[in-house]
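To keep things clear, I will list the structure first and then write my remarks on it.
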Amino acid sequence: MKKLFLLFLISFSVGFASPAEDYNNALQSSGAQREQLLNKALAGFLKENNTMNIGNVFFELQQYPWAILYYARALKEDPDNVLAQKYLDLAITKLPIDSTFTLEARMSQKIIFYFFFLFLCLSFLTASIYIWFQHKLWLVPLAGFAVICLGFLFYATWNQYFTPLPAIMVKSSALYKGEGQKFGVVGDEPLFAGSSVQVVEVSEQSNWLKVETHDGFIGYLPIKSLRIL
């Protein structure tokens, strides 16, 4: 009876292990059990949207293009993430792609809107103080905060609609001259999985994206072959 109870407790604890515990247990396992634990950890990290750990799991599964994607997303969230940069560089060495891969340093939309609402609140606070005390001195910081708010709003709009979007190839594909394989191919070699491109045009009614490579080639890729950061 005690043995059955212990087995129940063990199975219960394993079934409710955290993604981090599953990942650590996978590193100490091998074969099918290792892969099963890694996939279980991956499902948990995806629910948590933990980009760094998702990248780690894909790296251990040897799915390096996906690892590069999530390490790049982790760097986009935090450009000072030294570990993300280290493992990104390591994942790149596992694939036949350009080792000079770099991400454009660009403020994320989340940070932009954080600062926008911060200065918007400061603007309302300063306006309230001015209305209360009727002192013209408060108009100076009010004008400054308002200008900064407009600046962040303009930057967010430009960043979202007028700036090329960085993307990672998760599946190798040829670069085509038009939206379809019936068009000619751009360049002599396909774009390998793990490579980075810039999406310059998105069409909601098409399964193709217009992109630009680091070599300056412009063409179309099937949307399933890449993921936008």
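The numbers here are math on the coordinates, done by the rules we state, and not lab data. Nothing here was measured: the structure is a model prediction, and the numbers come from that model. Counting neighbours? That spans all protein chains shown, and the Cβs are built from the backbone with ideal geometry, glycine included.
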Options Ala43, His135, Thr93, ranked by Cα towards positive dipole end of the chain, top entry (Cβ charges): Ala43
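Do the alpha carbons of any pairs in Lys76/Lys224; Lys94/Lys177; Lys94/Lys182; Lys86/Lys177; Lys86/Lys210; Lys40/Lys210 sit beyond 24 Å of each other, and which pairs?
Details: Lys76/Lys224 22 Å; Lys94/Lys177 29 Å; Lys94/Lys182 32 Å; Lys86/Lys177 35 Å; Lys86/Lys210 30 Å; Lys40/Lys210 35 Å.
Too far apart for the 24 Å limit: Lys94/Lys177; Lys94/Lys182; Lys86/Lys177; Lys86/Lys210; Lys40/Lys210.
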Per-residue ³J(HN,Hα) for segment 19-34, Karplus 6.51 cos²θ - 1.76 cosθ + 1.60, θ = phi - 60°, Hz, x for Gly and Pro: x, 5, 5, 4, 5, 5, 5, 5, 5, 9, 10, 8, x, 5, 5, 4
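What list do you get for Cys121, Cys149 if you sort them by fewest beta carbons within 10 Å?
Numbers: Cys121 12, Cys149 19.
Going from least to most buried by this count: Cys121, Cys149.
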Average Cα contact separation per residue, the chain, under 8 Å, 6 or more apart, as relative contact order %: 14 percent
Order of Tyr155, Tyr87, Tyr71 under a 10 Å beta carbon neighbour criterion, fewest first: Tyr155, Tyr87, Tyr71
Within the chain: Cβ-based charge dipole about Cα centre, in debye rounded to nearest 20 (Lys, Arg +1; Asp, Glu -1): 600 debye
Answer label for Cα Rg over 2.2 N^0.38 Å (calculated), chosen among (i) 1.14; (ii) 1.39; (iii) 1.00: (ii)
Likely footprinting exposure, Val202, Val57, Val82, fewest C-beta neighbours within 10 Å first: Val82, Val202, Val57
